[in-house]
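Bear in mind these aren't lab numbers, they're just calculated from the coordinates by the rules spelled out. Nothing here was measured: the structure is a model prediction, and the numbers come from that model. We place every Cβ from the backbone using ideal geometry, glycine too, and count neighbours over all the protein chains shown.
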Amino acid sequence: MITPFNRAELLITYDLNRLSQARAALAGAGVDYTYRFKDLASPAIGDTRGRSGTLGMSQEARVEYKLYVRRQDLEWAQAVIQGV
């Protein structure tokens, strides 16, 4: 089980295809992973985005995806997604 206390950040991307390729490679190698995503265009509490809008924001970089693995599996996971 991956928790915030034993995880390491493997990949940050704004490309859903890149995330899917990395997830497929990790699953094929038997590496346990989890991911989170954040819509950077949606307003959050205490954030100025709600007032200023998204003018000038790249639509390709609208959603940020973060892929996590166990800290002890980080080097192995990096090797797995290296060729992807």
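Annotations
- Extension gain for Asp15 to Lys66 (0.36 nm times residue separation, less C-alpha to C-alpha distance): 17.3 nm.
- Between Trp76 and Asp32, the distance separating the two model label sites (each 7 Å from Cα on the Cα→Cβ line) works out to 1.1 nm.
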